[in-house]
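See below for the structure under consideration.
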Amino acid sequence: MASRKESAASGSNPMDSPVKQIQIDGLVVLKIIKHYQEEGQGSEVVQGVLLGLVVEDRLEITNCFPFPQHTEDDVDFDEVQYQMEMMRSLRHVNIDHLHVGWYQSTFYGSFVSRALLDSQFSYQHAIEESVVLIYDPIKTAQGSLCLKAYRLTPKLMDICKEKDFTPEALKKACIGFEHMFEEVPIVIKNSHLINVLLLDLQEKSTVADKHELLNLSSSNHLEKSLQLLMDRVDDMSQDIVKYNTYCRNLTKQQQQKQQYLQRRQQENTQRQSRGEPPLPEEDISKMFKPPQAPPRMDTLLIAGQINNYCQNIKEFTSQNLGKLFMAEALQGHSS
């Protein structure tokens, strides 16, 4: 905990992120992958706790442990107590036990949600350096490790503290879907002994068949990503319809309010000309209660998820196009 206080005190600008880089041990990556392979099935999400320490502006993640799977019948299970006991046990065996964040698997990049926002806000509000690691097993199974780290931006942290997600508050804070999460670069580091072991295993292992990386078919990855993108676009259109309905109702009420005030003013003028007292004062705010504005945070999250799908599709299609151009060039050269 002392390193956290020193790093926080050394920062010159409080709005800057206290974490500029994340260093992860290879053992942590293997534990996360193993956790999903053992307990994750399809779209089922697995989660766990990240442990480590903070060195200046670098967050070093040296260990992790999973959240156990439990059903609604396990009413006696206390998740907080389980975490405390695990960290206490790790401390007894002289392993880094400081809580520095959490990890979660994702299904085709579907991780931008209100649950993730609330969880990360709780972690980051309690521990400033906390991060969330997003592991994509679908991309990893295709041959490239997909592990990304995210934090909430300072603007979004302020909005979540106020718990004011009205359109006016978000507009005043200049919050858009691109200003919700900030990605932190990741570096995977192994000890020298592990590097020597990996080189030894590489020499002893047979040559892996990598021809599947040149496969020109797009499999079902692109189709599934497009289907998920269409579903989120439908959700976005429904939210837009709700907001447009709110705007129309608000405009209609404002017009009714102005008409009422004009009629009242005309009637008071007529009563004054007849020497009668004006009408008693009335509370206009009680007579014309403004309609409830729909929360805009869900819309921002949907927009952020749509942006994430688009980035994934862009990366996937760019790789396929590169292979197609290469195949075309090879065919032209051979002919």
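Listing for the model above:
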quantity: Number of the condition not met by PRO280 [criteria: (1) touching a residue at least 40 places away in the same chain (Cβ under 8 Å); (2) exposed (fewer than 10 other Cβ atoms within 10 Å of the Cβ)]; calculated: (1)
quantity: Failed item in (1) farther than 30 Å from MET180 by Cβ; (2) loosely packed, with under 12 Cβ neighbours inside 10 Å, with ASP234 passing the rest; calculated: (1)
quantity: Of the criteria (1) exposed (fewer than 13 other Cβ atoms within 10 Å of the Cβ); (2) closer than 30 Å to ILE159 by Cβ; (3) out of contact with any helix residue (DSSP H, G or I) (no Cβ under 8 Å at 6 or more places or on another chain); (4) in contact (Cβ under 8 Å) with a residue 40 or more places away in the chain, which one LEU324 fails; calculated: (2)
quantity: Sole exception among (1) in contact with an Asp or Glu (Cβ under 9 Å, 6 or more places away or on another chain); (2) part of a helix (DSSP H, G or I) for LEU198, by number; calculated: (1)
quantity: Of all residues in the range 135-167 being part of a strand (DSSP E or B) and in contact (Cβ under 8 Å) with a residue 40 or more places away in the chain, the one that is surrounded by the most Cβ atoms within 10 Å (Cβ to Cβ); calculated: ARG151
quantity: Number of positions in the range 20-32 that are over 21 Å from LEU193 (Cβ atoms) and open to solvent by less than 50 Å² (accessible area, probe 1.4 Å); calculated: 2
quantity: The range 82-134, residues that are of a type in the set (Val, Ile, Thr), in contact (Cβ under 8 Å) with a residue 40 or more places away in the chain and open to solvent by 40 Å² or more (accessible area, probe 1.4 Å); calculated: ILE95
quantity: Subset of the range 47-60 (residues that are under 14 Å from LEU147 (Cβ atoms) and without any contact (Cβ under 8 Å) to a residue 60 or more places away in the chain); calculated: GLY48
quantity: Residue match in the range 250-266 (condition: outside any helix (DSSP H, G or I), exposed (fewer than 14 other Cβ atoms within 10 Å of the Cβ) and not acidic (Asp, Glu)); calculated: no
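The values are calculated or read from the model by the stated rules, or taken from the named source; none is laboratory data. Only a predicted model underlies this, so the values are computations on that prediction, with no experimental measurement involved. Virtual Cβ from ideal backbone geometry, glycine too; neighbours counted across all protein chains shown. For the accessible areas, the whole protein counts, side chains as well, though only heavy atoms, and no ligand, DNA or RNA atoms are used. Shrake-Rupley method; radii C 1.70, N 1.55, O 1.52, S 1.80 Å.
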